[in-house]
1. Report, in whole Å, the centroid distance computed from the Cα atoms of the stretch 69-139 and the stretch 220-274.
2. Please report, in debye to the nearest 20, how large the charge dipole of the chain is about its Cα centre when each Lys and Arg carries +1 at its beta carbon and each Asp and Glu carries -1 there.
3. Looking at the chain as a GNM with Cα springs under 10 Å, which of Ala241, Ala195, Ala411 has the largest mean-square fluctuation?
4. Given the stretch 183-279, what whole percent of its Cα pairs are spread farther than 22 Å?
5. Could you check which residue among Gln192, Gln323, Gln261 shows the biggest mean-square fluctuation in a GNM of the chain with a 10 Å Cα cutoff?
6. For Lys387, list the aspartates and glutamates whose Cα falls under 13 Å from its own Cα; do not include residues on the same chain fewer than 8 positions away.
7. Let me have the 222 nm mean residue ellipticity of the chain computed from DSSP H runs of 4+ only, each contributing -39500 (n - 2.57), with the sum over all residues rounded to the nearest 500.
8. Sorted from fewest to most neighbouring beta carbons within 10 Å, what does the list His172, His251, His245, His178 look like?
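Please treat every number below as a calculation from the coordinates, not as lab data. Bear in mind the structure is a predicted one, so any value in this text is a computation, not a measurement. Cβ atoms come from the backbone with ideal geometry, glycine included; neighbour counts cover every protein chain shown.
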Amino acid sequence: MVVTVSGLATGVALLGVFALSGGRIALAQAPADAVEAQPADESFELPAIELHGFVSQGAFLSTDNDYLGYSERGTFEFLEAAVNASSEVADRMRVGVQLFTRDLGPIGNYTLALDWAYLDYRFRDWLALRAGRIKIPFGLYNEFSDIDAARLQILLPQSVYSSRNRDILLAHTGFSLHGTAGLRGAGALDYQLMAGALFVDPGTNALVVEGPVELDAVDTKYIAGGQLFWRTPVSGLRVGASFMHTNLAFHFSVDSLTRMQLVMLDVVPDDFDGTFIYGYRDMNLSIGSVEYLAGDWSFSAEYSRTTYRIYSTIPMLFPGNDQDSEAFYGMAAYRLSRWLETGAYYSLFFADADDRDGSGFPESHRAYQKDLAVTARFDVNDFWLWKLEGHYMDGTGDMIDPDPDDPDDLARRWGFFLVKTTLTF
């Protein structure tokens with residue numbers, strides 16, 4: 001479906017009219033010979049439509065290393081905007097949709113995307129069916145990572161909630177079953193089961209390809225997984241786990257000169273047509289989560305593992321190998337007043353869970369990334385807020401390496417600073 005700018009504006013305007021009018025629209029007057037069958041003052045009720053959205057603008061700067069953009073020189077390429085609508089269209093049936101755009105350094109570039117769109121029918125409290133483009137239930141915050149006003153941090157812990165991979169892992173297209181089962185005096189269980197496919201647009205995602213290689217397509221095949229959370233009898237405490245399984249295949253092509261060079265080097269056969277596949281097979285993502293809310297305090301921690309096997313159709317150039325990465329963070333926040341909230345987290349990422357000190361890497365700091373972050377949030381009113389955030393970074397394990405052959409191109413220790421303002425409606 002192609003949505004034009006004028007069509008989108010008209011649709012948003014109509015949604016606004018419906019919402020402001022309470023969804024009540026009078027029918028046009030009936031013909032004179034049908035007055036008795038259709039009273040002129042009869043009207044019908046449209047379902048109430050909830051219309052919301054936000055616009056965020058930020059900036060960031062790093063003391064070393066370009067991170068999420070051209071941060072060494074400082075950049076204002078940090079914009080997010082969305083509009084969403086939802087409605088209870090029938091008894092126990094709800095629909096919703098969100099359009100989203102962003103610019104984060106080289107990512108996004110203001111491309112308008114369908115973030116999510118779903119139909120949800122609830123049979124019982126413990127059983128509901130959701131279909132469409134659905135948010136992926138992964139960890140504590142993946143389903144809310146697109147709502148800046150719902151959290152303290154500018155950047156959620158990047159070891160688990162990577163902003164670079166946001167467009168890939170936010171939602172899937174398919175089905176999910178979900179519900180809540182009461183456990184009497186033992187709390188309640190919230191669950192979700194999902195199956196579908198990921199959508200990865202080579203033109204707008206975070207994949208950075210330079211030189212003679214071009215990314216033509218991404219085949220995600222399928223994704224399946226689930227999530228289970230136990231809301232314990234202790235008020236504010238919940239613990240749970242999430243799991244996802246998928247496969248990714250990246251289809252690349254090279255120019256004619258590179259193709260001939262690869263043939264001459266006997267890296268590829270003589271009939272090599274310039275295209276090849278590089279992929280992740282049997283990718284498993286798992287995470288354990290705990291969260292505790294107590295008054296103005298909030299605490300959370302998560303531990304994640306990601307395993308997969310790299311493969312390619314030109315193994316002499318890209319040999320296959322097994323990968324096992326590890327991530328963890330602990331986070332705390334405190335609301336001092338109606339308008340001020342502060343917090344901090346410590347996040348760890350290890351590219352190889354069996355080599356945390358980096359002994360097998362060209363530079364040891366490329367094996368890990370440790371992130372100590374401090375945030376302050378200022379709520380001007382119910383609709384407008386400001387955030388300030390500083391990071392002390394040790395390691396470059398979660399960064400795209402600009403030059404793998406140069407061991408000195410990335411600094412081990414560096415600072416990263418952000419400011420952001422958000423208007424919601």
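1. Using only Cα atoms to place each centre, the spacing works out to 22 Å.
2. The calculation lands at about 1680 debye.
3. Among Ala241, Ala195, Ala411, the largest mean-square fluctuation in the Gaussian network model of the chain belongs to Ala411.
4. 56 percent
5. Most flexible of the set in this elastic network: Gln261.
6. Output for Lys387: Asp148, Glu341, Asp379.
7. Using -39500 (n - 2.57) per qualifying helix, the result is -2000 deg cm²/dmol.
8. Result, fewest neighbours first: His245, His251, His178, His172.
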